[in-house]
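Notes follow the structure.
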Amino acid sequence: MPASAANNRPEDLTARLGVGAGAAQGEALLKALREVKNQIIGNKTKKLLYLHLGAVPKIVSVLAAAGSASDDSGGISRGGDAAVIVQAAAAIGSFACGVEDGVRAVLDAGAVPHLTSILSHHDEKVVDAGARSLKMIFQSELAPKYDVLQEENLNFLLSLLDSDNENVTELAASIIAHSCETNEQQKALCDAGVLLRFVSLLGGSSNQKDGCLESIAAVIKNNTEVSSRFSCTGNGKALNALANLIQDRYPQTRLLACKCLIAVGHASPCYVEELQIKTKLVLVLVELLEEPGRVGNEAPFSLKTLIADDEELHKQALSVNAIEKLCSILQMSSVQARRLQGILLALAELCSKLEKCRCQLMSPQVLNLIVDALKHDCMDVRVAACNCIRNITRSLKNLSAGCLSSEAFIVRLVQLLHDPSTSVQIAALGALCNIVINCATRKSVLIKCGGVSQLVQLSKSMDSVLRSKSVLALRNLMFLADITDKEFILKELTLCTLASLIYDSECSIQEQALALISGLVDGCSQSVKHVFAQDSIILDAVMRQLQNASSIGVCIQGMFVLSNIAAGSESDKDTVMNYLVPPQTDSCIPSFTIKFLQSKDILLRVASLWCFVNLTDPASVGSSRRVARLQDAGIVLQLKSMLNDPCLDCKLRVRMILEQCMELETAQA
C-alpha cells in the first residue's frame, strides 16, 4: 500500500485533526481537513465512520482556533488561517448535508456560533464557506430556530439579507424558512420589509431565487394579512413575478413558485381566484411529477394541496391525465418513500369526490400496489395508503371489485389496528369504516379475524380521535348486521363499555355510541332486550343524555334510538312512552319532548316525529291510550302547529301522526 494511501486512512486523518503550531503543522492540518472533506462528500458510509471516530468536535475546534488566531510569531499565517477556516467550514457543512446524525454531531460540537462569527471575516472565500456550511445545517429540522421576535435576531437576519454576497442572502432565506412558524413571526418579518427584499432578489441566481421562494411561502403561509400585503406589493408586481417563475427553466424554481402561489391562494383566495391561474398551476405540477429527485418527490404534495376539496380542479387534473401519470410512477420498480407517500395522498384527494377518478384506479395492478403499501416500512406511506383506500371505497361499486373484496385485504387493514403509530391506526379505521358498512361478507371477515376485539380495545383509548373512529367503525359494523353478528359485537363490547361511551366527554363519541345502539335495535326485535338489560343501563343513559346534552347530533341519535325501540312490541312502545310522557302522578313532561319538536334543526324534528309515528301506530292495541296521553301532555297540539312545517319530510310525518290519531279516535267512537 502506498504511504500516501496509508496516511489517508480515516483513523490517521482524524488523529491529525489537531490544532498545531508552526507552518509545517499548519500545512499538515490543512491537508488533513481537505482530505476528510473530499472523502465524505456524497459518501454516507464515510461520514458515519468519521462521526464514530469523533472527527467533528476536532474540526470545530480547529475552526474556533483558526477563526480567533492572531498573526503572532510562529503561528499560521493570515492566509493560512483563511485556508484552514474554509476547509474546516466546508467539512462541517458536508457532515451536516443529508445525514441527521451528522447535523446532530455538528450542533453538539457547537459549530453554529463559530460559523456565524466568520460571516464577518474580511476574506470573501471564508464568508462563502461559512454561509454554505450554515445553509446545510439549516436545511435540517434539527437546526436551531431563530426567534425573529427578538430584535437582535431580526436585525442579524436583516443584515444578512442586505449583503451583496449571494451565499449570505441565501443563508438568511434558509434561516427564515426554517424558523418562521407563528403569525406573530410572519407579521414581524413582513413589517421589517423582508418580503420586499425577497421580491427584489428574485432576479438573482437560481439558488437565490429558490431560497427566496421558500422563505416567501413560509412567511405568508396561512396568514391572510401578510399574504394580502405581499399580493398588493408594487400593484401586483410580486404576484406577477411568481406567475412568471412557474414557467422558469429550472424545475425546482417552478415548483417553489407554485408553492408560493398556492400559499397565497389559501391565505387570500381573492388574489389567486382566477381558474386560468389555477389550471396553469395544475398543468405545471402534473408535468413536475415525472421530474427526478426532490422536485418529483414534492410535486404530488403540492398538487394535493392545490386541488384539495375543489371539484373543478379535480376535473382539471383529470383532463391533463394526472391520475395516469401518478399511477405510472406508482408502477415503477422502486419508488422512494417520500414520493410514494405523495403519490398516494394525491390519488386519495383525486378520489375523494369524482367517481370517474375512482374508476381509473380500479386496475388490479394499481390496486395491488396500493394494498402492498399498507405493509410499507414508512409510517407515512401506510397512512397515505389507508387514506387512498378510504376514498376509493366511498363507491359501493368499487367495494366489490378486485382485491378490495378479498379477505386478505381486510385482514391487512385489521392488522394495522395494532400498528405502533396512532396515525396509522386512525387511518386504518377510516378505511375500515367505509369497507364494513354495507356488506355482510366483509363484516363476517372482520369479525373472524379478531377485528371487533381490537375495535373495542381502541374504543377505550385515551386518544379521543381513536375512540371516535373505533366507535364509528363498530357503528358501521352493527349497521344492517344479522342477529348473530350483532350479538357477537355486543358480547365483545359489553353493556358497561357501551354505557360509558354514551357518557364520554366528547360529544362526537356520544353521538356515535347512540347511533351504534340505534343500529343494534333497528329491525331486530330480539336485540331490543339489551337496552333493558342490567336495570336498563343503556336506556337510562340514553334518556339522561337527551335531557342534558348540548349537542344537536347527540339529541338526534338519541331520538332515533327511542324511535327504533318504539317500532317494537307493545311493551317496548309503552316503555318509550313512559320515558317521554311520564304517567300523570307527580311527574311532568321532560322539557326536551316538545323542545325537540320546536327545534330549528330539521333532522332533530324528523327523528322526534318518527318516534311519535311509531307510538301512534293504529295496528298496536295500546295506541289509543298513548294518543290520549299525548293530547293531555299538549304534544298533539304542538303537532298541529307543525302542519305547515317548511321541511316536506316533517310535514309528511306530522300529517301521518295526526291521521293515525284521528283513525284511533274514530275507531274508539
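The ratio of the alpha-carbon radius of gyration of segment 440-500 to the globular-protein estimate 2.2 N^0.38 Å is 1.04. Between the C-alpha center of segment 535-588 and that of segment 163-178 there is a gap of 66 Å. List the aspartates and glutamates whose Cα sits under 13 Å from the Cα of Lys651, skipping any in the same chain fewer than 8 residues away. List returned: Glu659. Ignoring the sites themselves, what is the longest stretch of the chain with no GluC sites (Glu not before Pro) in a DSSP loop and at most 11 other beta-carbon atoms within 10 Å? Looking at the chain, 275-669 is the longest stretch - no exposed GluC sites (Glu not before Pro) with at most 11 other Cβ atoms within 10 Å. Across segment 111-262, the mean sequence separation of Cα contacts (distance under 8 Å, 6 or more residues apart), normalised by length, yields a relative contact order of 17 percent. Counting charges near Leu344 (Lys, Arg +1; Asp, Glu -1) among other residues having Cβ under 12 Å from its Cβ returns a value of +2.
Once you keep just the Cα pairs under 8 angstrom separated by 6 or more residues, what percentage relative contact order results for segment 401-480? The value is 32 percent. Let me know the shape class of segment 459-581, please: from the alpha-carbon gyration tensor, a ≥ b ≥ c as square roots of the eigenvalues, rounded when a/c is under 1.5, otherwise prolate if a/b is greater than b/c, or oblate. Judged from the Cα gyration tensor, segment 459-581 comes out oblate (a/c at least 1.5, b/c at or above a/b). Potential lengthening of the chain between Arg544 and Ala15 amounts to 182.8 nm, from the contour at 0.36 nm per residue minus the alpha-carbon distance.
Its Cα gyration tensor gives segment 474-542 an equivalent ellipsoid, and the semi-axes of that ellipsoid, as √(5λ) in whole Å with the largest first, are 18, 14, 10. Per atom type, segment 142-282 shows carbon and sulfur on 47% of its accessible surface, probed at 1.4 Å. Each Lys or Arg adds one and each Asp or Glu takes one away; over the other residues whose Cβ falls under 15 Å from the Cβ of Asn644, this sums to +3.
Could you tell me how many cubic angstrom of Cα convex hull volume the chain has per residue?
Values: hull volume 140.2 nm³, N = 669.
Dividing the Cα hull volume of the chain by its residues yields 210 Å³.
Report the Rg/Rh value for segment 517-592, based on alpha-carbon coordinates and the Kirkwood definition of Rh.
Working: Rg = 12.1 Å, Rh = 12.7 Å.
Over the Cα atoms of segment 517-592, Rg/Rh equals 0.95.
Taking a point 7 Å out from the Cα of Asp535 in the direction of its Cβ, the residues of segment 487-516 whose backbone N falls within less than 16 Å of it are 495-497, 499-500.
In terms of overall dimensions, segment 596-669 has a Cα radius of gyration and Dmax of 11.8, 37 angstrom.
For trypsin sites (Lys or Arg not before Pro), the sites in segment 218-297 that DSSP calls loop and that have at most 11 other Cβ atoms within 10 Å are Arg249. Overall, the anisotropy analysis places segment 23-173 in the oblate class: the square-rooted eigenvalues a ≥ b ≥ c of its C-alpha gyration tensor yield a/c not less than 1.5, with a/b not exceeding b/c.
So with the 1.4 Å probe, I'd like the accessible area per residue for the chain, rounded to whole Å². Write down the numbers at each step before the final one.
Details: 29050 Å² over 669 residues.
Per residue, the chain has 43 Å² of solvent-accessible surface.
Given the C-alpha centroids of segment 593-669 and segment 220-299, what is the distance between them in whole angstrom? Here the answer is 57 Å between Cα centres. Across Thr253, Thr279, the residue with the most accessible area heads the list, and the full order at a 1.4 Å probe is Thr279, Thr253. One chain, two ends: His122 and Cys378. Fully extended at 0.36 nm per residue, the span grows by 87.5 nm beyond their Cα-Cα distance.
Per the Kirkwood formula applied to alpha carbons, segment 123-199 shows a radius of gyration over Rh ratio, Rg over Rh, of 0.96. Over the C-alpha atoms of segment 178-277, the Rg to Rh ratio, Rh being the Kirkwood estimate, stands at 0.93. In this structure His376 has an accessible area near 60 Å², from a 1.4 Å probe over the protein heavy atoms. Using every pair of separate Cα atoms, the Kirkwood estimate puts the hydrodynamic radius of segment 331-467 at 15.0 angstrom.
Sorted by average packing, counted as other Cβ atoms within 10 angstrom per residue and highest first, what order do 497-504, 54-61 take? Please list the in-between numbers first.
Working: 497-504: 19.1, 54-61: 21.5.
Order by mean packing, descending: 54-61, 497-504.
Under 30 Å Cα to Cα from Lys58, which lysines show up? Leave out anything in the same chain fewer than 8 places away. Answer for Lys58, where 30 Å is the Cα cut-off: Lys31, Lys37, Lys44, Lys46, Lys47, Lys125, Lys135, Lys145, listed by chain and number. Could you tell me whether segment 426-470 comes out rounded, prolate or oblate from its Cα gyration tensor? Rule is a ≥ b ≥ c as square roots of the eigenvalues, rounded for a/c under 1.5, then prolate if a/b exceeds b/c, otherwise oblate. Because a/c hits 1.5 or more and a/b fails to exceed b/c, segment 426-470 counts as oblate. The radius of gyration of the Cα set in segment 247-338, together with its Dmax, comes out at 12.9, 43 angstrom. Counting only protein heavy atoms and using a 1.4 Å probe, the accessible area of Tyr250 comes to about 100 Å².
Only helices enter this figure: runs of n ≥ 4 DSSP H residues, each worth -39500 (n - 2.57), summed and divided by the residues of the chain, yield -22000 deg cm²/dmol at 222 nm to the nearest 500.
Placing R0 at 60 angstrom, the Cβ-Cβ distance between Asp101 and Leu648 gives a FRET efficiency of 0.35 after rounding to 0.05.
Of the listed pairs Lys278/Lys356; Lys221/Lys375; Lys304/Lys469, which have alpha-carbon separations greater than 31 Å here?
On the way: Lys278/Lys356 21 Å; Lys221/Lys375 34 Å; Lys304/Lys469 24 Å.
Among Lys278/Lys356; Lys221/Lys375; Lys304/Lys469, the Cα-Cα distance tops 31 Å for Lys221/Lys375.
Within the shell of other residues whose beta carbon sits under 12 angstrom from the beta carbon of Arg442, the net charge comes to 0, with Lys and Arg scored +1 and Asp and Glu -1.
State, as an integer percentage, the relative contact order of the chain based on alpha-carbon contacts under 8 Å between residues 6 or more apart. Intermediate results must be reported in sequence, preceding the final value.
Values: 919 pairs, mean separation 31.3, N = 669.
Reported as a whole number, the value is 5 percent.
Based on alpha-carbon positions alone, could you give the equivalent ellipsoid semi-axes of segment 527-668 from the gyration tensor, as √(5λ), descending, whole Å?
On the way: eigenvalues 93, 72, 39 Å².
They are 22, 19, 14 Å, listed from largest to smallest.
Note on segment 506-579: with neighbouring protein chains present and a 1.4 Å probe, carbon and sulfur make up 42 percent of its accessible heavy-atom surface.
Applying 1/(1 + (r/R0)^6) with R0 = 60 Å to the Cβ-Cβ distance of Asp147 and Arg625 gives a FRET efficiency near 0.25.
Quick one: pull the percent of accessible area on segment 315-363 belonging to carbon and sulfur, 1.4 Å probe, ligands and nucleic acids left out.
Values: 910 of 1980 Å².
Heavy-atom surface of segment 315-363 belonging to carbon and sulfur, 1.4 Å probe: 46 percent.
The values are calculated or read from the model by the stated rules, or taken from the named source; none is laboratory data. Because the structure is a prediction, the values reported are computed rather than measured. For neighbour counting, all protein chains shown are included, and Cβ atoms are generated from backbone atoms with ideal geometry for every residue, glycine included. Ligands, DNA and RNA are stripped out before the accessible areas are found, and what is left, the full protein with its side chains, is counted by its heavy atoms. Shrake-Rupley method; radii C 1.70, N 1.55, O 1.52, S 1.80 Å.
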